[in-house]
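The block underneath contains the structure these notes are about, expressed in structure tokens.
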Amino acid sequence: SKKNHSNEIHKLINIFKSKNIDLPRSLSNENRPWGSYNILLEIDNYKVKKLIIDPKQSISLQYHNQRTEHWVVVSGIANVFLDGENRIMTAGNSIDIPKKSHHSVSNNEDVELIIIEVQMGDYLGEDDITRLKDKYGRI
């Protein structure tokens, strides 16, 4: 909204709170070497992200100690590595990533890969990523 309408937003937030309507804790867009992600929703023990993986890029080989993830491919072709197995996934395919599972995803195509990621767990911070292999030097 425009800056001169910020009071209206505060009124709307107060109405939601008075009716016990949950609001996301934060909505953000984060750029990464492989592309970007948007936090679409974050409430209590779950977070929903839209991952955009640029052409010819991949996320690190990693695992999480405190959360599970569920990925749904929205567009593009995902090359998913999960605990020693490679899978090719297209729009409409989904996969569960259990806690402590070694996983990564690559986009070997010339168009963006879009994945909706649902994280579930008691802790959903970005510091719950243990990178095992990363072509961007973030280990």
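Which angle from 0 to 90°, rounded to the nearest 10, does the C-alpha axis of helix 6-18 make with the longest principal axis of the chain?
80 degrees
Please list the three semi-axes, largest first and in whole Å, of the ellipsoid equivalent to region 19-118, using sqrt of 5 times the eigenvalues of its alpha carbon gyration tensor.
23, 16, 12
If the reach is capped at under 27 angstrom between alpha carbons, list the lysines near Lys19, excluding any in the same chain fewer than eight residues apart.
Within the straight-line limit of under 27 Å, Lys19 reaches these lysines: Lys2, Lys3, Lys11, Lys47, Lys49.
In square angstrom, rounded to the nearest 10, how much accessible surface does Met89 have for a 1.4 Å probe?
Solvent-accessible area, nearest 10 Å²: 10 Å².
In the chain, with Lys and Arg counted as +1 and Asp and Glu as -1 at Cβ, which of these residues, Leu113, Asn7, Asn45, has the Cα nearest the positive end of the dipole, that is, farthest along it?
So the residue furthest toward the plus end is Asn7.
Taking the alpha-carbon distance from Lys135 and a cut-off under 18 Å, which lysines remain once sequence neighbours fewer than 8 residues away in the same chain are dropped?
The qualifying lysines are Lys56.
If amide H atoms are built 1.01 Å from N in the plane of the peptide, which residues on other chains or at least 5 residues away come under 5 Å of the amide H of Glu109?
Amide H to amide H, under 5 Å and 5 or more residues apart or across chains, Glu109 pairs with Lys56.
In square angstrom, rounded to the nearest 10, how much accessible surface does Asp96 have for a 1.4 Å probe?
100 Å²
Restricting things to Cα coordinates, could you compute the convex hull volume per residue of region 68-107 in Å³?
Residue-normalised Cα hull volume stands at 52 Å³.
Ordering Arg87, Arg131 from largest to smallest accessible area (1.4 angstrom probe), what's the sequence?
From most exposed to least exposed: Arg87, Arg131.
The values are calculated or read from the model by the stated rules, or taken from the named source; none is laboratory data. Keep in mind the model is a prediction, meaning the values are calculated, not measured. Cβ atoms come from the backbone with ideal geometry, glycine included; neighbour counts cover every protein chain shown. The area values use the complete protein model at the heavy-atom level, side chains included, leaving out ligands, DNA and RNA. Shrake-Rupley method; radii C 1.70, N 1.55, O 1.52, S 1.80 Å.
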